[in-house]
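The values are calculated or read from the model by the stated rules, or taken from the named source; none is laboratory data. Everything quoted here is computed from the prediction, not taken from an experiment. Here the Cβ positions follow ideal geometry from the backbone for every residue, glycine too, while neighbour counts run over all protein chains shown. When the accessible area is computed, the model is the full protein with side chains, heavy atoms only, and any ligands, DNA or RNA have been set aside. Shrake-Rupley method; radii C 1.70, N 1.55, O 1.52, S 1.80 Å.
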Amino acid sequence: MNRFLHIIALISLLAASASCGHLGSDVAPGEEHALAVVGSQVLTESALKADIPYGLSPDDSVKFVRAYVRQWIDARLVGEIASRNIGDMSHIDKMVEEYRNELMMWEYTRLMYAERPDMGIDRDSLRRYYENNREDYRATSPVVRGIFLKIPADDRRLPNIRKWIMSKNSDDLDRLEQASMDESVEYEYFRDEWMPWELAARKFPVDISGKLAAMPASGEHKVEIARDSMVYMLAVSEFLPVGGVMPFELVEDMIVEQFRSAHRPEYERSLRQQLYEKGVSDGLVKVNIDLGIPEVAQQDKNNK
């Protein structure tokens, strides 16, 4: 609500300053201020408010509003002037309509393709592809697996927790999880999924980037920092450095997207054909020449 009131005040202030010499301030009850007018096109307050990004400072808000209004004017001014000086606008209208149709086709195809299932790509096929192309999937930034824990420095369980967090014993992990239920403890288990090192490092109150160089090749390592009566621990169970071949589970989604992208042109052709055939069968499309599509021609004859 505060942001909404701030925007109203800002727009009203700028509109009032402009009204002294341009748009005028006499607005009927219930009507909006016209922040800018180009020919018959009007920029209203509500249209502007809908596009103002959240979180801007007052100074940045002023800059954004002024730039937005100027860009709105510029975008429409050329068209307004051109329409008055170009005698025959029919070819422009034709190009606009064709472009509009292409945009709608592109957007419709995108939406339909996004709703498709995984196209029957089984995990075994993905894994075989990965094994044959492992060298193409090298890490560009380090990733880790492990456990993060933040605990008060005076917690009497701390000595045991230092042992449990590095253990692979299920009982020790159960004890660790039980200890993490305390409200004073922050706990995150990610031994079964990869996390970017940068994201894990942000959990510490100080820069631990130097710890990365000391990470052993085996991956098992513990980073511990004490700060402001709290102890921060990161127990790394696996570590993948820059340049290392990424494991299959880390790139599976990427491979699926590659498969989908490779099949998209074929899908687009198929979708256009399906739409065409449906248009013919529904009587929406009538074709009076041979387009070299036997099944469509046959459907057309049947409809007649």
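The residues of the range 207-229 that are open to solvent by 80 Å² or more (accessible area, probe 1.4 Å), out of contact with any strand residue (DSSP E or B) (no Cβ under 7 Å at 6 or more places or on another chain) and either assigned to a loop (DSSP other than H, G, I, E, B) or modelled with pLDDT under 90 (or both), listed by number, are 207, 213, 217, 218, 228. Is it true that residue 196 is in contact with a Pro (Cβ under 9 Å, 6 or more places away or on another chain) and in contact (Cβ under 8 Å) with a residue 60 or more places away in the chain? No, not satisfied. Here is the figure for the range 156-193: residues that are touching a helix residue (DSSP H, G or I) at 6+ places or on another chain (Cβ under 8 Å) and in contact (Cβ under 8 Å) with a residue 60 or more places away in the chain total 2.
Close Cβ contacts (under 8 Å, 6 or more residues apart or on different chains) running from residues in the range 63-90 that are within 16 Å of residue 36 (Cα to Cα) and free of Cβ contacts under 8 Å to residues at least 60 places away in the same chain to residues that are open to solvent by less than 60 Å² (accessible area, probe 1.4 Å) and part of a helix (DSSP H, G or I) comprise 65/10; 65/11; 65/14; 65/48; 66/14; 68/48; 69/48.
Within the range 260-276, the residues that satisfy the criterion of being more than 30 Å from residue 136 (Cα to Cα) and open to solvent by less than 60 Å² (accessible area, probe 1.4 Å) are 270, 271, 273, 276.
Looking across the range 160-206, the residues that are under 33 Å from the mean Cα position of the chain (by Cα), open to solvent by less than 50 Å² (accessible area, probe 1.4 Å) and within 16 Å of residue 222 (Cα to Cα) come down to 190, 191, 195, 197, 200, 201, 204, 206. Filtered by the rule that a residue be touching a helix residue (DSSP H, G or I) at 6+ places or on another chain (Cβ under 7 Å) and under 23 Å from residue 41 (Cα atoms), the range 87-112 gives a lone residue, 89. Assess whether residue 279 counts as being at pLDDT 80 or above, out of contact with any helix residue (DSSP H, G or I) (no Cβ under 8 Å at 6 or more places or on another chain), in a helix (DSSP H, G or I) and open to solvent by less than 40 Å² (accessible area, probe 1.4 Å). Taking the combined requirement at face value, the residue satisfies it. The range 99-205 holds helices (runs of 4 or more DSSP H) entirely within its bounds, and those carrying 2 or more residues that are under 29 Å from residue 253 (Cβ atoms) and hydrophobic (A, V, I, L, M, F, W, C) map to 197-201. Would you call residue 284 surrounded by 15 or more Cβ atoms within 10 Å (Cβ to Cβ) and modelled with pLDDT of 85 or more? The answer is no for residue 284.
Quick grid of which residues meet (1) farther than 30 Å from residue 271 by Cα; (2) among the basic types (Lys, Arg); (3) out of contact with any helix residue (DSSP H, G or I) (no Cβ under 7 Å at 6 or more places or on another chain); (4) modelled with pLDDT under 80:
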site	(1), (2), (3), (4)
61	yes, no, no, no
67	yes, no, yes, no
83	yes, no, yes, yes
117	no, no, yes, yes
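Residues in the range 240-253 that are assigned to a helix (DSSP H, G or I) and surrounded by 14 or more Cβ atoms within 10 Å (Cβ to Cβ): 4 in all. Selection over the range 47-62 of residues that are in contact (Cβ under 8 Å) with a residue 40 or more places away in the chain, open to solvent by 80 Å² or more (accessible area, probe 1.4 Å) and part of a helix (DSSP H, G or I) gives a count of 1. Inspect the range 66-86 for any residue being surrounded by 10 or more Cβ atoms within 10 Å (Cβ to Cβ) and farther than 21 Å from residue 42 by Cα and give the result as yes or no. Yes, the range 66-86 contains at least one residue that is surrounded by 10 or more Cβ atoms within 10 Å (Cβ to Cβ) and farther than 21 Å from residue 42 by Cα. Residue 257 - would you say it is open to solvent by 20 Å² or more (accessible area, probe 1.4 Å), more than 19 Å from residue 151 (Cα to Cα) and in contact (Cβ under 8 Å) with a residue 40 or more places away in the chain? No; evaluated as a whole, the condition is false for this residue.
Residues that are open to solvent by 80 Å² or more (accessible area, probe 1.4 Å), touching a residue at least 40 places away in the same chain (Cβ under 8 Å) and of a type in the set (Lys, Arg) were ranked within the range 128-155; the one that is nearest to residue 191 (Cα to Cα) is 138.
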